[in-house]
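Coordinate-derived values only; no laboratory data. Small disclaimer: the values here were computed from a predicted structure and weren't measured. Don't worry about glycine lacking a Cβ; one is built from the backbone with ideal geometry, like all the others, and counts go over all protein chains shown.
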């Protein structure tokens, strides 16, 4: 049988009289130890999660023969040649691949922001026939893997003669094909007061003016969330870009990184790790500067 260290608190009343509180006061020592234990567990989990990234950074500064023989994070020598060699190892400067990915990402962001916001406004504010079935069909597309639709898309763009270009990767974004962002913005718009629309309609505003001048400025958290997710997903996209892009001059960052590994000849892992570090810098920056908008957009989505 254990006993707890319980004391009573003395409360001073305004008249100077003292009375004893009926509520027992527990010593906070156990609470402090529990908090310290939880923090220690979280720190260990963070270290375990970040170890592959840290190992990649460290391996980019090691000689080729010492990358897989030493799993530690301690460096004895700095092999800066991995960065200089990796920048030109594929025949084309790696900056060209960064530029190609940047063009596709920029076009995808603009397309998603424009088309998905318009589609979300239609679902959230307008009333038309088959609105609910159309919204349900839109949600069903969330469960379709890209492997189901990639073959018809490839045949379509091949018949148009636009394969091996950026158009198959950018144009679908202007057609509101990302149902996740439509749903995100629909939930956000539904949380905005309809009195704003009614007041603008009384002043003679139409749907275009209500959307662009009233609702769109209030949708900044949802738009920022869409921008960040689109950037990350398109920048890391490998499958779609591998299917549609065949010329080395049109390669993006994921395809270029894959080109460092050759199953039939020697692979340059040091250069690949070095360029991998270069390629994740934009992701770290976009997440660092947009984190508060991302959290705000997710937290406020769906609130009434």
Ranked list, fewest to most other Cβ atoms within 10 Å of each Cβ, for 56, 272, 45: 45, 56, 272
Can you pull the one-decimal nm distance between simple spin-label points at residue 129 and residue 53, each 7 Å off the Cα toward Cβ? 5.2 nm
Among segment 103-118, those whose backbone N falls under 18 Å of a label point 7 Å along Cα→Cβ from residue 212 are 110-118
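Under 8 Å for C-alpha pairs, at least 6 residues apart: give me the relative contact order for the chain, rounded to a whole percent.
Values: 299 pairs, mean separation 77.9, N = 304.
The normalised contact order for the chain reaches 26 percent.
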Using only helices, what value at 222 nm comes out for the chain when you add -39,500 (n - 2.57) per DSSP H run of length 4 or more and divide by the total residues, to the nearest 500 deg cm²/dmol? -19500 deg cm²/dmol
Using 0.36 nm per residue, how much length does the chain from residue 137 to residue 281 gain when fully extended, once their Cα-Cα distance is taken away? 48.1 nm
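Tell me the relative contact order for segment 22-82 as a rounded percent, counting alpha carbon contacts under 8 Å between residues six or more apart.
Values: 21 pairs, mean separation 16.6, N = 61.
Contact order relative to length: 27 percent.
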On full extension of the chain, what length is gained from residue 242 through residue 289, given 0.36 nm per residue of separation minus the C-alpha to C-alpha distance? 14.0 nm
With 10 angstrom as the radius, rank 103, 47 by how many other C-beta atoms surround their C-beta, starting from the fewest. 47, 103
Ranked highest first by average number of other Cβ atoms within 10 Å, how do 31-43, 211-223, 105-117, 191-203 line up? 105-117, 211-223, 191-203, 31-43
Based only on other Cβ atoms within 10 Å, what is the fewest-to-most ordering of 97, 85, 137? 137, 85, 97
Starting with the highest mean, order 283-291, 120-128 by the number of other Cβ atoms within 10 Å, averaged over the residues of each peptide. 120-128, 283-291
Top of 254, 52, 282 by mean-square fluctuation, Gaussian network on the chain, Cα under 10 Å: 52
